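S.K.: Structure incoming, see below.
The values are calculated or read from the model by the stated rules, or taken from the named source; none is laboratory data. These numbers come from a predicted model, not from an experiment. Cβ coordinates were reconstructed from backbone atoms using ideal geometry, including for glycine residues, and neighbour counts include every protein chain displayed.
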Amino acid sequence: MIVIAAYSHKGGTGKSTALMALASAIDARGQSALLIDCDPQRNFNMYRVQGEEIGCWSERMEVRYLDFEATGVADLESTLMAAEDSGQFDYALLNLAGVDHPFNRMALRYAELTLLPFKPAATELAELGPALAVIRDLEDEGEIGAARVVFTMMRPKLTSAATAYRDAALDGFPVLDSHMPDTAVFADIVMRGLLGRTLAMMEAQAVGLEKMQAKRLRAALTDCNALLQEIDKTLSHHGSAA
Ligand SMILES: Nc1ncnc2c1ncn2[C@@H]1O[C@H](COP(=O)(O)OP(=O)(O)O)[C@@H](O)[C@H]1O
Ligand SMILES: [Mg+2]
């Protein structure tokens, strides 16, 4: 079972959305995941409820909630161990609350890969440094697996000022080539359940405008699949380097 966490020390950077994108890609290739909400926002649970309502959820995707303030990291460890022992899951996805909290620092030690979703806009990038500082601390202590920034809400083109700002904020930190484009419909997309299932349903019955929507969902699923493939590659390289 591969454990992937999404972390940033602030909210609204695209953590939940990026992990749901991964869940869609995992489901689309017939694999399973335990989705662990460690953020009181409980986004996974919200997506599950919505997905089930429209008949586009999967029994291979199970949601669990661990309140980061109320539960200790021991609960997370036993949850992960039980999931691993059950042999039921290919992945565990950890949706962490957007805060710098001891729970998060501990939780990150269990992840083979930590994704740091960020929007490459000046106001957001100012926050990237502090998030990377947390990761670099853990790396110095040898207590974290691979860690990669993944850009979310991407516009087709960055201004040169934004590019310079981005590179300064990253200061050499590795970034995934795959990104989550800025799709105005993305907020909507994650409320449409697991994309492959939603698409199968839509494409069977789409008429008029729905065909356009289906096309956008298809493009979004392609991006989700590309992200998962790059993650697989990153993990196999990281594993062989270790
Ligand atoms: N790729 C994207 N394109 C457009 N909107 C996005 C994208 N990723 C996230 N968002 C939107 O940005 C907001 C914050 O995203 P979310 O994943 O909930 O962040 P976090 O989990 O870090 O708080 C949400 O309204 C979400 O719909
Ligand atoms: Mg979230």
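S.K.: Of the numbered conditions (1) surrounded by 12 or more Cβ atoms within 10 Å (Cβ to Cβ); (2) within 26 Å of Ala226 (Cα to Cα); (3) away from ligand 2 (no atom under 16 Å from the Cβ), Pro156 fails exactly one; give the number of that condition.
M.R.: (1)
S.K.: Further question: If you scan the stretch 53-83, which residues turn out to be under 24 Å from Arg192 (Cα atoms) and surrounded by fewer than 13 Cβ atoms within 10 Å (Cβ to Cβ)?
M.R.: Across the stretch 53-83, the qualifying residues are Glu53, Gly55, Glu59.
S.K.: One residue is enough: does the stretch 124-139 have a residue meeting the conditions over 28 Å from Ser236 (Cα atoms) and in contact with a helix residue (DSSP H, G or I) (Cβ under 8 Å, 6 or more places away or on another chain)?
M.R.: Scanning the stretch 124-139 turns up at least one residue that is over 28 Å from Ser236 (Cα atoms) and in contact with a helix residue (DSSP H, G or I) (Cβ under 8 Å, 6 or more places away or on another chain).
S.K.: Restricting attention to the stretch 4-52, which residues are within 15 Å of ligand 2 (Cβ to nearest atom), in contact with a Leu (Cβ under 7 Å, 6 or more places away or on another chain) and among the small types (Gly, Ala, Ser)?
M.R.: Ala5, Ala6, Ser8, Ala18, Ala21, Ala23
S.K.: If the requirement is being crowded, with 22+ Cβ neighbours inside 10 Å and not in a helix (DSSP H, G or I), which of these qualifies: Ser8, Ser16, Ser24?
M.R.: Sole residue among the options that is crowded, with 22+ Cβ neighbours inside 10 Å and not in a helix (DSSP H, G or I): Ser8.
S.K.: Also, I was wondering about something else. Return yes when Ala92 is surrounded by 14 or more Cβ atoms within 10 Å (Cβ to Cβ), closer than 20 Å to Leu113 by Cβ and more than 13 Å from ligand 1 (Cβ to nearest atom) and no when it is not.
M.R.: So Ala92 fits the description; yes.
S.K.: Can you name the number of the only condition in (1) on the phi > 0 side of the Ramachandran plot; (2) in contact (Cβ under 8 Å) with a residue 12 or more places away in the chain that Gly142 fails?
M.R.: For Gly142, the failing item is (2).
S.K.: Show me the helices (runs of 4 or more DSSP H) found entirely inside the stretch 108-207 where at least 1 residues are over 30 Å from Trp57 (Cα atoms) and not basic (Lys, Arg).
M.R.: Ranges flagged: 122-125, 128-140, 160-170.
S.K.: Condition (residue is modelled with pLDDT under 95 and within 16 Å of ligand 1 (Cβ to nearest atom)) applied to the stretch 68-83: is it met by at least one residue?
M.R.: yes
S.K.: Now a separate question. Go through the stretch 27-48 and count every residue that is within 12 Å of ligand 1 (Cβ to nearest atom) and either over 13 Å from the mean Cα position of the chain (by Cα) or buried (at least 23 other Cβ atoms within 10 Å of the Cβ) (or both).
M.R.: Residues flagged as within 12 Å of ligand 1 (Cβ to nearest atom) and either over 13 Å from the mean Cα position of the chain (by Cα) or buried (at least 23 other Cβ atoms within 10 Å of the Cβ) (or both) within the stretch 27-48 amount to 9.
S.K.: Search the stretch 1-23 for residues that are more than 19 Å from Met154 (Cβ to Cβ) and among the small types (Gly, Ala, Ser) and pair each with any residue that is away from ligand 2 (no atom under 11 Å from the Cβ) and not in a strand (DSSP E or B) when their beta-carbon atoms are under 6 Å apart and the residues are at least 6 apart or on different chains.
M.R.: Pairs found: Ala5/Leu108; Ala5/Ala111.
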